Amino acid sequence: MSELSSQVVLSLLVWGTLVGLDLVSVPQAMISRPLVAGTVAGWLVGDVEAGLRIGVVFELFALDVLPVGAVRYPDYGPATVAAVALGAGSPWELSLGLSTALGLVLAVLGGWSLQTVRRWNARAIQRRAAALAAGESSAIRRLQYGALLRDAARGMILTLLGLILASGIKERVLLDRQTAVALTLVAIGSALAAAVNGAVRSSGRKARLKWLLAGAGAGVLLAVLA
Amino acid sequence: MTGRLRALLRLFAVQGTWNYERMLGVGMGYAAEPLLEDLKAVDPVRHGEAVVRSAEFFNCNPNLAGLALGATARAEYEALPGAQIVRLRTALCSPLGAMGDELFWAGLVPALIGAALVGVVLGAGWWAIAGFLLLYNGIRLWTGYWSLRTGMESGMRVGAAIGSSWLPRAIERVGPAAAFAIGAAIPVVSAWYLKPFGFSAGVGAAGVLMAGIALTRWFSPFLTTVRFALAAMILLLVLRRVGV
């Protein structure tokens, strides 16, 4: 991270902001999926392998999230971008654990920041309640643009914080090889637990569970043959 | 640019002002603005009332919001009583939420993500990711267009139009596809990560996996998988620190 040029840091900041916006506000094109966010971040820092490995871990965590109704969930997008910045340039077997730890903390923080923005949106609406009750279209437009700006700022601040933390960790935290590998294995095991939990919960006990088991069988076969 | 196209584009930001009071309400009002423009010249009083109604509480899956938007906009032009339009809007919240969530969040997204994960592991790399983005956004764009058009064509009869459309059948089919794709992805991704570490490391990761599943189920909803992962990492670092 410390060796990243200012141009790369800036591009990560822009990418993290877009990814943060995409989660809920606009355009929900799925660039906020960790698989996409991580791989593009990896490409930006010149280490696509790290982007893929870290992106897939967070994608497994994200499979435990069903974003329905008013449910609260972590924001894995900017978190993945910062985690890739930390892990880039090192062998993934050693860096994945620490990157995942940073990303998970940021994802939780991202989820909390999303709730804060939603509360601010509600307050902004209350302030313009009279204009809304009078049917002023301009009030609706102003509310919408203000909320989009708030969410963009949220994504940018989250990414910036992540990049600063990544830089600090890379400079100061030095793990021995055994600890780094163990941390990576804990990250992989936990991510797989999240994915299994999400898959089983979504499948329920009906026909869908049979399809899940059939898929698992096909997956084992593929894993053996690949 | 026509009003309908502008409304379709604005629907991509329908969750922009998401909040716990009106939920998608203001976003719907923002998307409704181009559709209601012509009403201003015909009946300015009615237009003002329609704008107020368009930004009131509303919630559903954002990808199917066009059905409610189109149906209520048509009802406004047909000069139906305001209370009837509000009832239609309220009645559409739950079914559009449930159907959209089943179709997109529990169906299409995991199905395509599962396929993309398998593709990445098998070496497709960028192609797998590009395929995911193109397919998802293609389907979503078409669904958004269809939703708005169907809503505007059917008005108050939008419920019947949804019932006889492709939506219920698609939901039935996409669920099993999602389950199969995620089921296939998990072992493939596991092998991708664990192969370089050897057997004993694989057993260790499997132990974490089993502990994660068991503990997050026993201590749900307090212990999420994210909290479990962070706790396990902290425990590991403490144990290493004390020399275990």
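The values are calculated or read from the model by the stated rules, or taken from the named source; none is laboratory data. The shown structure was predicted, so the numbers you read here are calculated from the model rather than taken from an experiment. Cβ sites come from the backbone with ideal geometry, for glycine too, and all protein chains shown count toward neighbours. Just so you know, the surface numbers come from the protein's heavy atoms only, side chains and all, with ligands and any DNA or RNA stripped out. Shrake-Rupley method; radii C 1.70, N 1.55, O 1.52, S 1.80 Å.
Cα convex hull, the stretch A:55-124: 75 Å³ per residue, rounded to a whole number. In whole percent, how big is the carbon plus sulfur part of the accessible area of the stretch A:103-169, probe 1.4 Å, protein atoms only? Here carbon and sulfur together make up 70 percent of the probe-accessible area. Taking every residue in B:172-181 and counting other chain Cβ atoms within 10 Å of its Cβ, the average works out to 6. Placing dummy labels 7 Å off each Cα toward the beta-carbon, the span from B:L134 to A:Q7 is 2.9 nm.
Please work out whether the stretch A:1-103 counts as rounded, prolate or oblate from its C-alpha gyration tensor, where a ≥ b ≥ c are the square roots of the eigenvalues and a/c under 1.5 means rounded, while otherwise a/b larger than b/c means prolate and anything else oblate? In terms of gyration-tensor shape, oblate. Computed from the Cβ-Cβ distance with R0 of 41 Å, the FRET efficiency linking A:W120 to A:A226 stands at 0.30.
For the chain pair B and A, the interface hides roughly 7400 square angstrom of accessible area in total, found with a 1.4 Å probe. Among rounded, prolate and oblate, which fits chain A when a ≥ b ≥ c are the square roots of the eigenvalues of its C-alpha gyration tensor, a/c under 1.5 means rounded, and a/b larger than b/c means prolate? It comes out oblate by the Cα gyration axes. Placing dummy labels 7 Å off each Cα toward the beta-carbon, the span from B:S165 to B:A83 is 2.9 nm. Helical content of the protein assembly as shown, expressed as a calculated mean residue ellipticity at 222 nm, amounts to -26500 deg cm²/dmol (DSSP H runs of 4 or more residues, -39,500 (n - 2.57) each, divided by residue number, nearest 500).
Taking the accessible area of the stretch A:1-97, probe 1.4 Å, and keeping the other protein chains in place, the carbon and sulfur fraction comes to 64%. Partners of A:K206 within straight-line reach, counting lysines whose Cα lies under 18 Å from its Cα and excluding those fewer than 8 residues away in the same chain: none found.
What the stretch B:65-118 shows is 30 Å² of accessible area per residue, with the surface traced by a 1.4 Å probe over protein heavy atoms. For the stretch A:137-192, what does the alpha-carbon gyration tensor say about shape, rounded, prolate or oblate, given a ≥ b ≥ c as the root eigenvalues, a/c under 1.5 as rounded, and a/b over b/c as prolate? Oblate, because a/c is 1.5 or more while a/b does not exceed b/c. The residues of the stretch A:94-191 expose on average 43 square angstrom of accessible surface per residue, using a 1.4 Å probe on protein heavy atoms.
The mean number of Cβ atoms from other chains found within 10 Å of a Cβ in peptide A:139-150 is 5, as a whole number. Element breakdown for the stretch B:51-195 at a 1.4 angstrom probe: carbon and sulfur atoms account for 67% of the accessible area.
Ranking A:S6, B:S54 by solvent-accessible area of protein heavy atoms (1.4 Å probe, all protein chains present), from largest to smallest, gives A:S6, B:S54. Annotation: peptides A:18-27, A:139-148, ranked by per-residue average of other Cβ atoms within 10 Å with the highest first, follow the order A:18-27, A:139-148. All distinct Cα pairs of the stretch B:1-97 go into the 1/r average, and the inverse of that average, the Kirkwood radius, is 13.0 Å. With a 10 Å cut-off around each Cβ of A:130-138, the average count of Cβ atoms from other chains is 5. Of all complete DSSP H helices in chain B, those with a Cα span along the helix axis of 27 Å or greater and a mean Kyte-Doolittle hydropathy of -1.0 or more are B:126-154, B:167-194, B:199-218.
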